[in-house]
Each structure stands twice: as structure tokens, then as C-alpha cells.
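Q: Pasting a structure below so you can have a look.
Throughout, read-outs are computed from the coordinates displayed, never taken from laboratory work. This structure is a prediction, so every number in the text was calculated from the model and none was measured. Neighbour counts are summed over all protein chains in view; Cβ atoms, including those assigned to glycine, are modelled from backbone coordinates with ideal geometry.
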Amino acid sequence: MYGSGHGGQCYSPGECGVAGLAIAIKTIPGHIPKGNGRKGGDIIKLNEPTIMFKNTLLKQASRVAASTRPSFTSSAASRSVAPAFAQRYLHATPALRDEKHDEEQGAGEHSGQFARTDESIQVDYPDEKDMPSSKPVQGRGGFHFKRTLASFSLEGNVGLVTGGARGLGLVMSQAMVISGADVAIVDLNKEEAQKQAELLMQSFRDENPGAESVPNVTAHYADVSNPDSVSAVIQEVIDQHGKIDNLVTSAGFTENFDAINYPYDRIKKLWGVNVDGTYLFATGVAKHLMERDAKGSIVFIGSMSGAIVNVPQPQAPYNAAKAAVRHLAASLAVEWAHKGIRVNCISPGYMLTALTKKILDDNPELAQKWTSLIPQGKMGQPEDLMGAVVFLLSDAAGYVTGAEFRVDGGYTVT
Ligand SMILES: NC(=O)c1ccc[n+]([C@@H]2O[C@H](COP(=O)([O-])OP(=O)(O)OC[C@H]3O[C@@H](n4cnc5c(N)ncnc54)[C@H](O)[C@@H]3O)[C@@H](O)[C@H]2O)c1
């Protein structure tokens, strides 16, 4: 179980941790952060006064909206919140810009301030040694007394999950195991993958006493951005399991730099893992399925960032990568539909993995900013992806291909 909520927010157990948001928040010249006393000098609490100020304004804005049409002249604070409303009212105003009208409506330096990226936010993907390990989710398998559609079962299937040693990939691997599949966890960190493979099998035994067979979970090394490594691991998995029916591509990461200052070598690495890695595994597994003349189901892990632009952290290359992943799913779905291979994309919103729990515990202001933008008012749990991935991999989704399945608490519909 992970820690408790942030700043009075009520998250359920297991919350907190947005891996892939890899985080050491830094400032860049020209910005004057408020330090948090951590070592290294460059790791700070994210513009704490600014974010708290924004959050206060957001709350004030909500209160004003709930009561009555806001008076933009009654106080300094209400003048500051006015732009949020002015943005809406502007849709009904004449197209030609009227400065006096803008001023009356509160437009000015605050206009759109909650919808901007903030170039002072920089986030580096942490070193492997700084990555927290996860525990299997408890009590989600159960004794299967509750009836459900047989078509949701993955029994008899072999699934390969990239990035399965940690975070979302690990929880989705567990969902597949609970649903009866054998699973091959593929990750850069084979040691962690091995440990988790054993934990998943043990967890299955604990939750299914007397089970006649326990799904076989194996661990494998690969760098998903390296074509030779991908070919080798696909062959290794086929050698050990006999076949692959399902693929989930969860290996991926994000970093945060403003576009102008984003180091090019890091962009290439990010696209290599998120996009090339997805492409290489999809084509490798599809080729194997076609050689077997077998049907199969592939799920890419994209992100809501493939459809919207997150604020305040700047992450243009990641957003573009996830848009590519989403459209790659649709494109391959069309290309392989007649072969019985389905390809879909799950696009999570802000999810609380072990890594992001650590990040957000250190920076609760960022959590508040994010949750203020989510209709459900909370970040997602990795477990929230369990049903989605099992559904898309299973025969229950037999007529679903090329789809994007957003699991984001409603973030992208506002
Ligand atoms: N956590 C979120 O809030 C969130 C939201 C939307 C999308 N996503 C996406 O979900 C996926 C999983 O994210 P996460 O939060 O679980 O991240 P995570 O960092 O917890 O786990 C990622 C795993 O991928 C592995 N990996 C990284 N690079 C690799 C490589 N080159 N080859 C093989 N394995 C590699 C890591 O070792 C790690 O085990 C990513 O694609 C991420 O972009 C995450």
C-alpha cells in the first residue's frame, strides 16, 4: 500500500505515483524558486508560492461560480479570478477585439494563466537506483465467486508486457495473470522483473488456494528501442512459452523541459523508447501471429497527453510521442484487421504509481494543480487499468480494434 493523500485530498490506498513523470524538478535561469532544502541545489519545490496562489484562485473561482456571476471589481482576488470566466464569456462576444470590453471582463495578464505551460518546470527521468519497487496489488483476484462473462478470461493465452517490472505495466501484468494468462515481463531491469514475476505467481497462489495450475510468469531483458534486442527477446519468449497471443507495450517515460531547451539526445531517446519501442514490438509480435496464422490482441499504452496538452509542465516531445502511439494503433489495426489481429490504445490520465507518489509527496502543490483539472477530482490508481487491459486483450472485445480507450477520470472531456 502506498501513502495517504496530499494536502487533505482523500485518495484511496495504493494511490500516488505517476511513473513516467520521472521527476526532479528544477529551475532555469531567470526564475527564482523557493528552495526546499534538498541536496544538489537544483531540486526545488515547484514555484511553491505561485502554485499555491494559483490553487487559491482556482478554489475562489469555484466558489464564485457556485454562488453567482462574479463581480470582477469587488476585490483584488475576484479581479484575479475573472479571466477564467471571461474566457467563457468571450465566446459570445464580437470577434473584433475591444480592449475596454476585455478590461471590464478581467482579461489581461492573468488571461489563460491556468492553461499555460511553465518553462521553469524541468523534470529528469531518475536513475534506476532511485526507482521505487512496487508490491502486487492485494485482493483484486479473489476466489472468483463473482460471476462474469467467460469471454473476459485470458486462460490459455500468453501475454508479453514491456515495461512490466514496475508501475502500470506491472499492475496490468497482474491483471492478466489473475485472468488466467501466462505472462512474459520484458524490461530493462531484469532483476526487478524477476522479483515481480515470482511475486505475481505467489500472489495468485495466495488468492486461489487449491488452484490446479498457476500461470507461468517469466522475466526477460530488453531495451525496447533497440531492434536487435527486441527481436532477441521475442524469440526468447516464444522459446520459453511456445507462443505469444497478447502484447501490452507499457515501456515508456516522460521528462519535462521547455521545447527550446529540450536536449536533442533526450528527445531521440524518448521517441526511441515510446514510439520505436511500440512499433518494434507490435510488428515483431504481429509477424509471429501471422506465421502461426493465429488471432491476437495488442494494446499500446499511450497517454491522454497524445490528445491534450498538459499544464503546467512542458513536455512537447512526450505529447507528440503519445499522439504517434495512438495513431499507430489505429493504423496497424486497419492493416492487420483481416489477419484477426486487433490493435487498441489505452490512454491513461494522471496515474499514481510508486514513482509519482514519491514525486508528489515531495511536491504536493503539483498534485493539487493536476487534481483541480480532473472532473473526478483525484488521480487514477494503476489498478484502474486492470479491467481496461483485460477487456481489450480478451475475446469480449472481439469487435473492438483501432480504438483509443481513455482512462483519465474525465480529464480530456472538459
Ligand atoms: N504514470 C502515469 O501517470 C502515466 C500516464 C499516462 C501514460 N503513462 C504511460 O504508461 C507507461 C508506463 O508508465 P509508468 O508510469 O508505469 O512508468 P514506470 O517508470 O513506473 O515504468 C516503466 C517501466 O518501463 C521500463 N523501461 C523504461 N525504458 C525501457 C526500455 N528502453 N526498455 C525496456 N524497458 C524500459 C522501466 O524499467 C520501468 O520498469 C509509459 O508508457 C507512460 O508514458 C503513464
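Q: Would you mind checking LYS135/LYS322; LYS129/LYS190; LYS243/LYS322 for any pair whose Cα atoms are more than 25 angstrom apart?
A: Numbers: LYS135/LYS322 27 Å; LYS129/LYS190 13 Å; LYS243/LYS322 28 Å.
Where the Cα-Cα span goes over 25 Å, the pairs concerned are LYS135/LYS322; LYS243/LYS322.
Q: I would also like to ask the following. Hey, got a sec? Which chymotrypsin sites (Phe, Trp or Tyr not before Pro) in region 364-414 land in a DSSP loop and have at most 10 other Cβ atoms within 10 Å? Display every interim value, and only then the final one.
A: On the way: sites: TRP370, PHE391, TYR399, PHE405, TYR411; in loops: TYR399.
Passing both the DSSP loop test and the Cβ count: TYR399.
Q: OK, next. Taking amide H positions as placed 1.01 Å from N in the peptide plane, with prolines and chain starts having none, which residues 5 or more places from ILE341, or on another chain, fall under 5 Å of its amide H?
A: GLY296
Q: Can you list residues whose amide H is under 5 Å from ALA184's amide H, if they're 5+ apart or on another chain and H is modeled 1.01 Å from N?
A: Close amide H contacts, sequence-distant or interchain: GLY159, LEU160, VAL161, THR218.
Q: Check which residues have an amide H placed less than 5 Å from MET351's amide H, if you skip close sequence neighbours.
A: Long-range HN contacts for MET351: GLY380.
Q: Right, here's the next one. Taking neighbour Cβ counts within 10 Å as the exposure measure, how do ILE298, ILE260, ILE308, ILE234 sort from fewest upward?
A: On the way: ILE298 29, ILE260 8, ILE308 19, ILE234 24.
Ascending number of Cβ neighbours within 10 Å: ILE260, ILE308, ILE234, ILE298.
Q: Give a residue-ordered list of calculated ³J(HN,Hα) values for region 330-343 (Karplus: 6.51 cos²θ - 1.76 cosθ + 1.60, θ = phi - 60°; whole Hz; x for Gly, Pro).
A: Result, rounded to whole Hz: 5, 5, 5, 4, 5, 5, 10, 4, 6, 9, x, 9, 9, 9.
Q: Same structure, new question: What order do you get for TYR318, TYR221 when you list them from fewest to most C-beta neighbours inside 10 Å? Could you put the intermediate results ahead of the total?
A: Working: TYR318 26, TYR221 16.
Sorted ascending by nearby Cβ count, the order is TYR221, TYR318.
Q: Efficiency by 1/(1 + (r/R0)^6): what FRET value for ARG266 and LYS146, r their Cβ-Cβ distance, R0 = 35 Å, to the nearest 0.05? Working shown, then result.
A: Numbers: r = 46 Å, r/R0 = 1.31.
E(calc), rounded to 0.05, equals 0.15.
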